[in-house]
1. If I ask for residues that are crowded, with 16+ Cβ neighbours inside 10 Å and in a loop (DSSP other than H, G, I, E, B), which ones from segment 64-100 would you list?
2. Scanning segment 52-63 for residues that are in a helix (DSSP H, G or I) and not acidic (Asp, Glu), which turns out surrounded by the fewest Cβ atoms within 10 Å (Cβ to Cβ)?
3. Taking only segment 112-127 into account, find how many residues are open to solvent by 20 Å² or more (accessible area, probe 1.4 Å) and among the hydrophobic types (A, V, I, L, M, F, W, C).
4. Looking at this structure, is residue 74 of a type in the set (D, E, K, R), touching a residue at least 24 places away in the same chain (Cβ under 8 Å) and farther than 20 Å from residue 154 by Cβ?
5. Can you tell me which condition residue 152 does not meet? The list is (1) open to solvent by less than 80 Å² (accessible area, probe 1.4 Å); (2) within 16 Å of the chain's Cα centre (by Cα); (3) under 21 Å from residue 21 (Cβ atoms), and all the others hold.
6. Which of the numbered conditions does residue 109 fail, given that it passes all the others? Conditions: (1) surrounded by fewer than 15 Cβ atoms within 10 Å (Cβ to Cβ); (2) in contact with an Asp or Glu (Cβ under 7 Å, 6 or more places away or on another chain).
7. How many of the residues in segment 8-51 are under 12 Å from residue 86 (Cβ atoms), open to solvent by 10 Å² or more (accessible area, probe 1.4 Å), out of contact with any Gly (no Cβ under 7 Å at 6 or more places or on another chain) and β-branched (Val, Ile, Thr)?
8. Determine which member of the set 90, 102, 81 is in contact (Cβ under 8 Å) with a residue 12 or more places away in the chain, in contact with a Gly (Cβ under 8 Å, 6 or more places away or on another chain) and within 27 Å of residue 16 (Cα to Cα).
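The values are calculated or read from the model by the stated rules, or taken from the named source; none is laboratory data. What you see is a predicted model, and the numbers here were worked out from it, not measured in a lab. Here Cβ is always computed from backbone atoms with ideal geometry, including for glycine, and neighbour counts include all displayed protein chains. We work out accessible area using only protein heavy atoms, side chains counted, and drop any ligands, DNA or RNA first. Shrake-Rupley method; radii C 1.70, N 1.55, O 1.52, S 1.80 Å.
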Amino acid sequence: MATQEHVRKQFGEVEENELRLEKEKSEQIIDALNQDLADAYTLYHQLKKHHWNVEGAEFRDLHLFLGEAAGNVEAAADEIAERAQALGGAPIAGGAEQAEHASVEYEGQDVYDIRTSLHNDLQMYGDVIESLRDHIELAENLGDHATAQILREILVETEEDAHHIEHYLEDDTLVFEGAMD
């Protein structure tokens, strides 16, 4: 079978779209969506890292929650990428490129105690939430109500998961103080 290798769409270039959103507006929204996509994958990888490394008395609940939260972020990333493509853009796909475009920073490869890990996750969630709010406003201001709605739905799930982490970080626990030494 013969193959021809050619680039069908270069990253960063925006084509006209059938959604009837002006190219200049689409370009701004796609840039925002690619940042959201890069942020989502940064958060996803950090959550998976914590999912794999969690230990201790509350292991099971935290392991399950972190896996579920990572799944929520992965589903959001898919929605974001598909919207960027529908608007005539190319979703950011490579790990190095995602790290370069992300507005959040991965905590690194070291494994921390679970409270520190969750605190780092909550900080990243807060940054992602603020960015999503800004991008919802941008999409609304540019007349792209569908993208704004997609991001609103993602925001609701993101805030809910952040709120769960906030609860895990509270000081009330069933674990005896002596067991923590």
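1. Matches in segment 64-100: 87, 88, 89, 90, 91, 92.
2. Within segment 52-63, the subset in a helix (DSSP H, G or I) is 52-53, 59-63.
Add one more test, that the residue is not acidic (Asp, Glu), and what stays is 52-53, 59-60, 62-63.
On the way: 52: 11, 53: 13, 59: 11, 60: 9, 62: 20, 63: 16.
Checked segment 52-63; the qualifying residue surrounded by the fewest Cβ atoms within 10 Å (Cβ to Cβ) is 60.
3. Looking only at segment 112-127, we keep the residues that are open to solvent by 20 Å² or more (accessible area, probe 1.4 Å), and these are 112-116, 119-120, 122-123, 126-127.
Now restrict to residues that are among the hydrophobic types (A, V, I, L, M, F, W, C): 114, 122.
Qualifying residue count, segment 112-127: 2.
4. On the way: of a type in the set (D, E, K, R): yes; touching a residue at least 24 places away in the same chain (Cβ under 8 Å): yes; farther than 20 Å from residue 154 by Cβ: no.
No.
5. It is condition (1) that residue 152 fails.
6. Every condition holds for residue 109 apart from (2).
7. Residues in segment 8-51 being under 12 Å from residue 86 (Cβ atoms), open to solvent by 10 Å² or more (accessible area, probe 1.4 Å), out of contact with any Gly (no Cβ under 7 Å at 6 or more places or on another chain) and β-branched (Val, Ile, Thr): 0 in total.
8. Values: 102 fails: in contact with a Gly (Cβ under 8 Å, 6 or more places away or on another chain); 81 fails: in contact with a Gly (Cβ under 8 Å, 6 or more places away or on another chain).
Selected residue: 90, the only one of 90, 102, 81 that is in contact (Cβ under 8 Å) with a residue 12 or more places away in the chain, in contact with a Gly (Cβ under 8 Å, 6 or more places away or on another chain) and within 27 Å of residue 16 (Cα to Cα).
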